[in-house]
Amino acid sequence: MSRRALPAASAPRVALCHWLAIASLVGLIALGLAWELWLAPLRDGGSLLALKVLPLLLPLFGILRGRRYTYQWAPMLALAYFVEGVMRGYAEAGAGAACGWTQALLSATFIAAAAYYARDAHRLPAVAGDGRLRT
């Protein structure tokens, strides 16, 4: 695979991937909490399954700072949330199914955005952590 530099015109695409990854990761955290505490908890009054969002906090600061290493390993973590979302989307009904499919969509968005960012960010001439070109 070639390591040639991307043209500066690719910087907006890298920035878009960065912000999509941030939005989908924060969305996964918010959905996980809302799902298990209010929207469709497994038990009335909330469920300890809300703690499932704790592993999503591990990559959060690396993703916010645009660290390529975090973008390389965090999608592997998101695969588990994708699988859970598909499984619960099929198995549950009503709000639980909607939450499951939303989680699967957010996970897939995060995986794709993080993969593209990790692939392209290092090939830009000089990219700041927020995806903008440094001058």
Q: Show me 16-27, 45-56 ranked by packing, highest mean number of other Cβ atoms within 10 Å first.
A: 16-27, 45-56
Q | Surrounding net charge for Ala95, when Lys and Arg each add one and Asp and Glu each subtract one, Cβ distance under 13 Å | A | -1
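Any read-out appearing in this document is the output of simple, stated calculations on the displayed coordinates, not a laboratory observation. Everything quoted here is computed from the prediction, not taken from an experiment. Cβ coordinates were reconstructed from backbone atoms using ideal geometry, including for glycine residues, and neighbour counts include every protein chain displayed.
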